[in-house]
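The values are calculated or read from the model by the stated rules, or taken from the named source; none is laboratory data. Because the structure is predicted, anything quoted here is derived from the model rather than measured. Because the Cβ atoms are built from the backbone with ideal geometry, glycine has one as well, and the counts that use them run over all protein chains shown.
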Amino acid sequence: MQSNSQLEAILLSAAERRRRHLPASAAFGWLAAGWRDLIQRPGPSLAYGLVVFAVSVVIVWTLGALGLDYILFPALAGFMVLGPLLAIGLYEKSRALEAGKPFTLTSMMFVRARSGGQVLYTGAILCLLMLAWMRAAVIIYALFFGYRPFPGLDHVAEMLFTTPIGWAMLLTGTVVGGVFAAFAFAISTFSIPMLLDKPVDAFTAMGTSISMVFRNLPVMLMWGAIVLALFLASLATGMLGLIVIFPLLGHATWHSYRAIE
């Protein structure tokens with residue numbers, strides 16, 4: 001049996017392999033690599049983005065039609081929680097390009113991960129996390145506004161930005177949402193590419209993802225800021241920007257995984 005000192009040395013070596021000491025500017029290199037993958041046979045990537053856009057529009061329209069517009073903002077934030085899972089087909093294209101193998105839109109939509117069904121476990125955990133955040137958002141609203149009905153999207157800005165209670169709720173919601181977002185980012189940004197690429201279990205992949213993120217914090221903070229900025233840009237275009245931005249971020253995420261694994 002190996003001694004404790006030997007096991008510690010193995011664990012330390014594995015941790016150091018994941019500490020790349022990359023500068024924050026390396027995140028822009030990942031974005032450039034993602035763009036190269038996007039424009040190389042762009043049809044499947046743009047079709048993938050179009051599907052994501054269409055599904056997003058249907059969800060937003062459904063929430064409005066059912067009178068559930070009060071959970072629209074938490075749902076949009078939750079999109080970022082599920083984003084790494086939804087992008088698995090884009091990782092597949094980048095992996096195929098890297099290996100010089102053929103790919104099609106079908107192979108991107110129906111990916112066969114090396115970890116098998118472990119991707120589904122991770123997806124279930126991310127869905128539960130998104131639902132927990134949406135419930136937390138409703139509770140925060142109730143704590144500050146009680147039984148006051150949601151005023152609708154036309155008047156929500158006035159309610160939030162012109163009253164002390166609105167500002168307090170925004171601050172609380174930002175802090176709580178930030179905690180959810182940071183945790184989701186840490187467990188998912190590398191775990192989904194890893195589950196596609198390697199025969200590992202879901203909890204190993206998520207734990208490794210957390211380690212990879214926090215051992216490369218400067219570049220990962222920059223990457224998180226880039227993802228957030230581009231997602232907000234997509235929202236500013238009525239989500240139409242997702243057709244290009246989502247594939248770009250998906251391909252770039254694969255290169256971030258390759259750079260740090």
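The table that follows gives values for the structure above.
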quantity	calculated
Meets criteria (without any contact (Cβ under 8 Å) to a residue 40 or more places away in the chain and over 29 Å from LEU170 (Cα atoms)) for PHE110	yes
Yes/no for PRO218 being touching a Lys or Arg at 6+ places or on another chain (Cβ under 6 Å) and either touching a residue at least 60 places away in the same chain (Cβ under 8 Å) or part of a helix (DSSP H, G or I) (or both)	no
Members of segment 198-215 that are under 25 Å from MET108 (Cβ atoms) and either touching a residue at least 60 places away in the same chain (Cβ under 8 Å) or touching an Asp or Glu at 6+ places or on another chain (Cβ under 9 Å) (or both)	LYS198, PRO199, VAL200, ASP201, ALA202, ALA205, MET206, THR208, MET212
Segment 101-122, subset β-branched (Val, Ile, Thr) and closer than 14 Å to LEU86 by Cα, residue surrounded by the most Cβ atoms within 10 Å (Cβ to Cβ)	THR122
Spans of helices (runs of 4 or more DSSP H) in segment 1-88 with at least 2 residues at pLDDT below 75 and closer than 24 Å to GLY241 by Cβ	72-86
Filter result (of a type in the set (Val, Ile, Thr) and more than 20 Å from GLY89 (Cβ to Cβ)) within segment 231-261	THR237, ILE260
Test: residue in segment 238-254 that is in a loop (DSSP other than H, G, I, E, B), over 20 Å from GLY34 (Cβ atoms) and not small (Gly, Ala, Ser)	no
Check on PHE73, surrounded by fewer than 18 Cβ atoms within 10 Å (Cβ to Cβ) and closer than 23 Å to THR174 by Cβ	yes
Filtered residues of segment 175-197 (kept if part of a loop (DSSP other than H, G, I, E, B) and either in contact with an Asp or Glu (Cβ under 9 Å, 6 or more places away or on another chain) or more than 20 Å from LEU120 (Cα to Cα) (or both))	PHE190
Unique match (being small (Gly, Ala, Ser), loosely packed, with under 15 Cβ neighbours inside 10 Å and under 19 Å from PHE28 (Cα atoms)) among ALA182, ALA252, ALA225	ALA225
So VAL200, is it β-branched (Val, Ile, Thr) and not in a helix (DSSP H, G or I)	yes
Hey, LEU128 loosely packed, with under 14 Cβ neighbours inside 10 Å and out of contact with any strand residue (DSSP E or B) (no Cβ under 6 Å at 6 or more places or on another chain) or not	yes
Pair list, Cβ < 6 Å and 6+ apart or interchain, from segment 51-66 residues that are within 23 Å of GLY89 (Cβ to Cβ) and touching a residue at least 24 places away in the same chain (Cβ under 8 Å) to residues that are part of a helix (DSSP H, G or I) and not aliphatic (A, V, I, L, M)	VAL52/PHE246
Among residues of segment 149-174, those that are outside any helix (DSSP H, G or I) and modelled with pLDDT under 70, counted	7
